[in-house]
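The values are calculated or read from the model by the stated rules, or taken from the named source; none is laboratory data. Here the structure is a predicted model, which is why all the values come from computation and not from measurement. Note: ideal-geometry Cβ built from the backbone for every residue, glycine included; neighbour counts use all protein chains shown. Accessible surface areas use protein heavy atoms only, side chains included; no ligands, DNA or RNA. Shrake-Rupley method; radii C 1.70, N 1.55, O 1.52, S 1.80 Å.
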Amino acid sequence: MSESMVKAEAVHKRFGRNEVLKGITLDVAPGEVMCLLGPSGSGKSTFLRCINHLEKINSGRIWVDGALVGYRQRGDKLHEMRESDVASERAQIGMVFQRFNLFGHMTAEQNIIEAPIRVVGTKRDVAKAEAKVLMDRVGLGDRLDAYPAQLSGGQQQRVAIARALAMKPKLMLFDEPTSALDPELVGEVLDVMRALAADGMTMVVVTHEIGFAKEVGDTVVFIDDGAVVESGDPVSVFENPQHERTQAFLSKVL
Amino acid sequence: MAEADQASEPAPAPAAPVEIKAVPVRRPGRWIAGILIVVVAAALVKSAATNPRFGWGTVGEYLFAPTVMDGLLKTIELTFLSMLIGIAIGVLLAVMRLSPNPIVVAASGFYIWLFRGTPVLVQLLFWAFIAALYPVITLGVPFGPALLSFDANTWITPFVAVLLGLGLNEGAYMSEIVRAGLLSVDEGQEEAAKALGMRRMTTMRRVILPQAMRVIIPPTGNETIGMLKTTSLVSVLAYTELLYAVQLIYAANYKQIPLLIVASIWYLVLTTILSIGQYFIERHYGRGTARAVPPTLLMRIWQSFSTWRHTEVDVPQQTRHGL
């Protein structure tokens, strides 16, 4: 594993005068599942959104698959990327949101085929065939014609995962994918994510699901107050946390 | 002990729930109001039928007169074209208003301030007299060479003046409606589209606007109906739309009332058609939402009438499957 899928170096992010990220450095290897944990407001979701340039970082660098995110380096100068270049970088990074954000006026199938057709230029019938395969994969092969409002939260999130996968991303970002779900619906979404991880997808997951992080995560990163407090394999972080802030957090959630 | 034994006995099988059959509350107020309205309505109908000065014969005579038909067509044409201009300008101004560029925002704000702040009748007169202000209209590089020149009197015909007056004014109102629609769409929709690699224009066209339509359509329907009636203002510019057409007739035969009734009948016919059209457009853009499109006025009247009689009539409801 010579090349990292995601490489972040001293990433800082401010909202006005409020510094949310205070120098985050980390590495995600291809095929790795990294779980970001931490109290709310710690900056873990903001960091995730920086990876696909939904948020602009104020200093530091992020690379995805070797390419700088949002900027182009010419000599020692950084140039902002044009919108079309940012868009094509994003097209290769799948993202799943806490609030699903399915397009409300489109059926599940239309949600899935929209970006492949409009962004990649896939033929409609090819996109439809792929949508069917993806919906089968997330266990919703019979709900292609359902509108988001007709689906439960768990089903909507599974469609959202299928929609992201339709772009054949090399990296998937999950922003608290189960936080908006009723407890009995969390399992079906985690099952889909578990299967995805087993298929070798590189995943960065912001989550409060300690059980999932323990079982599926290759690395667990504990973030507090905009900085990485502790990271490592799940067993060592959960069983034997070194830092007192990690211990305090884990004692509340475990 | 005996009590405990009783308690432990198996409970009897639950009987089917008994439907409540209660005597309904008397509502004499409703009956009185209903009867009163019916009596007044009957009196009005009788008066309309027996007062010869309504001139129903004349109404019938002129309802389909060629001059009236021609005016009607022009009214429809004006309404349609000026709404088209209004919507196009409205979308443009709304998108400008949400731009990150402050000068673009200010330009949009100035336009709205100017056109919403002056009466449309005054604007119409301005356009009619534009030749007095700019006898020659020149297109070219600002402060630079001219490329094209028009003679205002030949190019700004009454029709063009009227269209500009109504359309530019409408654009100011439409922009607020469109802006409200765009803002009503959840930000997460734009983010999801961005994250999928969609560009801003594609996102606007495919994701934001279609969902904003649900909020934009009802007030736009009102604006269209309003526009239909506002076109009658154009009669002061001697443009022969529906109202001016009937005015020309009654100027000759002095039958003002019957001819104004003719015009009113046609306005009512057109607004009714527009309302029906609006219902179907709303239903189309309501797809994917759980909320049913509200029933039409007629359905509502029927519904309230039937609940009054304590009978149940199913008003057709939009299913969750949409169209």
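Can you work out which of the residues in the stretch A:109-131 that are charged (D, E, K, R) and open to solvent by 80 Å² or more (accessible area, probe 1.4 Å) is nearest to the other protein chains (Cβ to nearest Cβ)?
A:ARG118
In this structure, is B:THR67 assigned to a helix (DSSP H, G or I), open to solvent by 20 Å² or more (accessible area, probe 1.4 Å) and polar (S, T, N, Q)?
So B:THR67 passes the test.
Whether any residue in the stretch A:183-199 is of a type in the set (A, V, I, L, M, F, W, C), within 13 Å of chain B (Cβ to nearest Cβ) and either touching a Leu at 6+ places or on another chain (Cβ under 7 Å) or open to solvent by 30 Å² or more (accessible area, probe 1.4 Å) (or both) is what I want to check.
No: the stretch A:183-199 contains no residue that is of a type in the set (A, V, I, L, M, F, W, C), within 13 Å of chain B (Cβ to nearest Cβ) and either touching a Leu at 6+ places or on another chain (Cβ under 7 Å) or open to solvent by 30 Å² or more (accessible area, probe 1.4 Å) (or both).
Based on this model, can you work out whether A:GLU3 counts as farther than 15 Å from B:ALA192 by Cα, of a type in the set (Asp, Glu) and at pLDDT 95 or above?
So A:GLU3 fails the test.
Which of the residues spanning the stretch B:199-239 are among the aliphatic types (A, V, I, L, M) and either over 12 Å from B:LEU182 (Cβ atoms) or surrounded by fewer than 17 Cβ atoms within 10 Å (Cβ to Cβ) (or both)?
B:MET201, B:ILE217, B:ILE225, B:MET227, B:LEU228, B:LEU233, B:VAL234, B:VAL236, B:LEU237, B:ALA238
Would a scan of the stretch A:67-86 turn up a residue that is within 14 Å of another protein chain (Cβ to nearest Cβ), exposed (fewer than 14 other Cβ atoms within 10 Å of the Cβ) and hydroxyl-bearing (Ser, Thr, Tyr)?
yes
Can you confirm whether the stretch B:269-276 contains a residue that is within 25 Å of B:GLN189 (Cα to Cα), out of contact with any Gly (no Cβ under 7 Å at 6 or more places or on another chain) and open to solvent by 60 Å² or more (accessible area, probe 1.4 Å)?
Within the stretch B:269-276, not a single residue is within 25 Å of B:GLN189 (Cα to Cα), out of contact with any Gly (no Cβ under 7 Å at 6 or more places or on another chain) and open to solvent by 60 Å² or more (accessible area, probe 1.4 Å).
Residues that are under 19 Å from B:LEU84 (Cβ atoms), within 20 Å of the chain's Cα centre (by Cα) and within 14 Å of chain A (Cβ to nearest Cβ): find the helices (runs of 4 or more DSSP H) completely inside the stretch B:163-264 holding 1 or more of those.
The qualifying helices (runs of 4 or more DSSP H) are B:209-230.
Given the options A:VAL204, A:VAL159, A:VAL237, A:VAL220, name the one that is without any contact (Cβ under 8 Å) to a residue 24 or more places away in the chain and crowded, with 20+ Cβ neighbours inside 10 Å.
One residue alone meets the criteria, A:VAL237.
Which residue out of A:GLU55, A:GLU89 is of a type outside the set (A, V, I, L, M, F, W, C), within 11 Å of chain B (Cβ to nearest Cβ) and in contact (Cβ under 8 Å) with a residue 40 or more places away in the chain?
A:GLU55
Within the stretch B:115-147, restricting attention to residues that are surrounded by fewer than 13 Cβ atoms within 10 Å (Cβ to Cβ) and assigned to a helix (DSSP H, G or I), which residue is nearest to the chain's Cα centre (by Cα)?
Only one residue fits best here, namely B:VAL122.
Please tell me if A:ARG99 is open to solvent by 20 Å² or more (accessible area, probe 1.4 Å), within 10 Å of chain B (Cβ to nearest Cβ), within 23 Å of the chain's Cα centre (by Cα) and of a type outside the set (Ser, Thr, Tyr).
Spelling it out, A:ARG99 is indeed open to solvent by 20 Å² or more (accessible area, probe 1.4 Å), within 10 Å of chain B (Cβ to nearest Cβ), within 23 Å of the chain's Cα centre (by Cα) and of a type outside the set (Ser, Thr, Tyr).
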